[in-house]
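The values are calculated or read from the model by the stated rules, or taken from the named source; none is laboratory data. Treat the numbers as computed from the prediction; the structure is a model and nothing was measured. Don't worry about glycine lacking a Cβ; one is built from the backbone with ideal geometry, like all the others, and counts go over all protein chains shown.
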Amino acid sequence: MTASRRIDLTVNGRARSIDVAPHHTLLEVLRDDLGLTGTKECCLVGECGACTVLVDDVSLDSCLMFAVEADGSSVTTVEGLATDGRLHRLQQAFLDTGAVQCGFCIPGQLIAAQALLADTPHPSRAQVEDGLAGNLCRCAGYEQIIEAVLAAASVTDRTGASATIDAAARTAPTGDRASTPDAQVAPQ
C-alpha cells in the first residue's frame, strides 16, 4: 500500500489542503475527494475533453494528470466560472444559443472555451473550432457550441470587459437550431 501525500491547491479560488494517493488523478481528487462533480469522467485516456480543467490557467484533461503534479497549483473547474450567483458570460451564451443539450460535455467545453477566450478574446470561427477540437460532443451540437463561444466573445460591459452575466437579466434563446444539422460541422 502506497502512503498518501498532502498537497496544497487553490481550487476555484479557495485554498485546499488534502491527502491524496500518489496514483490518483486530478480528476479523481476533484470528483471523489472534493465533491466537484461538474468535471466529468468519461474516456479516462484524454480523448474526449469531458474532464477539462484549468491548471494555472492552462487547459488540460484532468484524467491525464496525477493530483500530486498539481501541488501548489491553481485549479479552475466549471463550478468556478460563476461568481456571486452570476453566470459567467460563457455559461449564459451556452444557454442562449441552445448549446446545452445532454449537458455531459458542456463543463469541458466551457473550460476549453474559457482558456481560448483568455488567450484570444475575439477569436474567429476557425480559432474557436481549433480551440475546442479536443472536446467531443456526442449530441453533435457543435454549431450551437461554436455560436455560444462567438457570442460570449462579443459580450462586453461599460468598461470593455465582462466575465459574468446576471442570471435575472437573461435574454430568450436565439432559436432552436438542434433540428437543423450543418453537414460541414456534423455530417449525417
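Return the residues of region 1-17 that are of a type in the set (A, V, I, L, M), free of Cβ contacts under 8 Å to residues at least 40 places away in the same chain and part of a strand (DSSP E or B); say none if nothing qualifies. Full working, then the answer.
Pass one, region 1-17, residues of a type in the set (A, V, I, L, M): 1, 3, 7, 9, 11, 15.
Cutting the leftovers down to free of Cβ contacts under 8 Å to residues at least 40 places away in the same chain gives us 1, 3, 15.
Hit for region 1-17 is Ala15, nothing else.
Please determine, by comparing only the residues of region 95-131 that are modelled with pLDDT of 95 or more, more than 10 Å from the chain's Cα centre (by Cα) and within 17 Å of Thr77 (Cα to Cα), which one is surrounded by the fewest Cβ atoms within 10 Å (Cβ to Cβ).
Selected residue: Ala118.
Sort out which residues of region 19-33 are under 15 Å from Ser62 (Cβ atoms) and in contact with a Lys or Arg (Cβ under 7 Å, 6 or more places away or on another chain), and write them in order of number. Walk me through it before giving the result.
Kept after step one, since they are under 15 Å from Ser62 (Cβ atoms), are these residues of region 19-33: 20, 23-33.
The answer is Val20, and nothing else.
State all residues of region 55-109 that are assigned to a loop (DSSP other than H, G, I, E, B) and without any contact (Cβ under 8 Å) to a residue 60 or more places away in the chain; if no residue qualifies, say none. It would help to see each step written out before you state the result.
Step one: filter region 55-109 for residues assigned to a loop (DSSP other than H, G, I, E, B), giving 56-57, 65, 71-73, 77, 81-82, 84-85, 97-105.
Of everything in region 55-109, those that are assigned to a loop (DSSP other than H, G, I, E, B) and without any contact (Cβ under 8 Å) to a residue 60 or more places away in the chain turn out to be Asp56, Met65, Leu81, Ala99, Val100, Cys102, Gly103.
Need the failing condition index for Thr39 against (1) at pLDDT 95 or above; (2) β-branched (Val, Ile, Thr); (3) farther than 22 Å from Ala133 by Cβ, just the number.
(3)
Scan region 118-134 residue by residue and report those that are polar (S, T, N, Q) and either farther than 11 Å from Leu150 by Cβ or in a helix (DSSP H, G or I) (or both).
Thr120, Gln127
Residue-by-condition table, conditions (1) closer than 18 Å to Asn135 by Cβ; (2) out of contact with any His (no Cβ under 9 Å at 6 or more places or on another chain):
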position	(1), (2)
Gly13	no, yes
Leu30	yes, yes
Ala67	no, no
Ser73	no, yes
